[in-house]
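The values are calculated or read from the model by the stated rules, or taken from the named source; none is laboratory data. As the structure is a computational prediction, the values presented were derived from the model and not from experiment. Note that we place each Cβ from the backbone using ideal geometry, even for glycine, and neighbour counts take in every protein chain shown.
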Amino acid sequence: MANSYSKIYIQIVFAVRNREAMIGVDWEERLFQYITGIVQNKEQKMLAINGMKDHIHFFIGMKPTCCLSDLIREVKKASNEFINEQKFTKFKFQWQEGFGAFSYSNSDISKVIKYIMNQKEHHKKKAFREEYLEFLKVFDVDYNEKYLFDWVE
């Protein structure tokens, strides 16, 4: 689109179905590379990706022509297939339904990248449930607790 200019930064968060700790440290980097490839093939810019055994975060520079829900649907579908075809886990892998998406300003980029890249350290102090509920509160997102992730306690 000629004469259209934008800077849209979105952090996306989603979890493994039933919050199972299925993402292996030995193959997570391959998963992150694969997801990065999907995002780039959809002409979006991957700024950071990382996660834990039960969830991932990634941060993108998004073009206004991108439909975020379509992008996430493609990332989840293709990465499910990739994980299962590669037999990274002996159990069927699947992401949970839904996702969180949170927008940031240009001045927040380095802070969000640092946050995502330090996930393993961050989660020594804060559980995913606490983190996710905090995102919803800070970003003033209306939600119904019964429709949040299938929390495994």
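In table form, for the structure just shown:
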{"quantity": "Residue in the range 80-87 that is aromatic (Phe, Trp, Tyr) and either more than 14 Å from the chain's Cα centre (by Cα) or more than 23 Å from Ser105 (Cα to Cα) (or both) present", "calculated": "yes"}
{"quantity": "Answer residue from the range 44-85, given it is in contact with a strand residue (DSSP E or B) (Cβ under 7 Å, 6 or more places away or on another chain), of a type in the set (Val, Ile, Thr) and under 18 Å from Ala21 (Cα atoms) and is surrounded by the most Cβ atoms within 10 Å (Cβ to Cβ) among those", "calculated": "Ile56"}
{"quantity": "Yes/no for Ser110 being of a type in the set (Ser, Thr, Tyr), modelled with pLDDT of 90 or more and within 18 Å of Arg19 (Cβ to Cβ)", "calculated": "no"}
{"quantity": "Residues that are of a type outside the set (D, E, K, R), more than 19 Å from Val112 (Cα to Cα) and assigned to a helix (DSSP H, G or I), drawn from the range 61-71", "calculated": "Ser69, Leu71"}
{"quantity": "Lys77 of a type outside the set (Ser, Thr, Tyr) and in a loop (DSSP other than H, G, I, E, B)", "calculated": "no"}
{"quantity": "Matching residues, the range 30-60, being in a strand (DSSP E or B) and closer than 23 Å to Glu131 by Cβ", "calculated": "Met46, Leu47, Ala48, Ile49, Asn50, Gly51, His55, Ile56, His57, Phe58, Phe59, Ile60"}
{"quantity": "Residues satisfying the stated conditions in the range 22-43, i.e. polar (S, T, N, Q) and either more than 18 Å from Asn84 (Cα to Cα) or in contact (Cβ under 8 Å) with a residue 12 or more places away in the chain (or both)", "calculated": "Thr36, Gln40, Asn41"}
{"quantity": "The listed residue being touching a helix residue (DSSP H, G or I) at 6+ places or on another chain (Cβ under 7 Å), part of a loop (DSSP other than H, G, I, E, B) and among the charged types (D, E, K, R), out of Lys92, Lys125", "calculated": "Lys92"}
{"quantity": "Pick from the range 86-104, criterion among the hydrophobic types (A, V, I, L, M, F, W, C) and surrounded by 14 or more Cβ atoms within 10 Å (Cβ to Cβ), ranking: nearest to Arg30 (Cα to Cα)", "calculated": "Phe88"}
{"quantity": "Those residues of the range 1-30 which are of a type outside the set (D, E, K, R) and touching a strand residue (DSSP E or B) at 6+ places or on another chain (Cβ under 8 Å), in sequence order", "calculated": "Ile8, Tyr9, Ile10, Gln11, Ile12, Val13, Phe14, Ala15, Val16, Met22, Ile23"}
{"quantity": "Output for the range 68-91, where each listed residue is at pLDDT 95 or above, farther than 16 Å from Val13 by Cα and not polar (S, T, N, Q)", "calculated": "Ala78, Glu81, Phe82, Ile83, Glu85, Lys87, Phe88"}
{"quantity": "Residue among Phe59, Phe32 that alone is touching a helix residue (DSSP H, G or I) at 6+ places or on another chain (Cβ under 6 Å) and modelled with pLDDT of 95 or more", "calculated": "Phe59"}
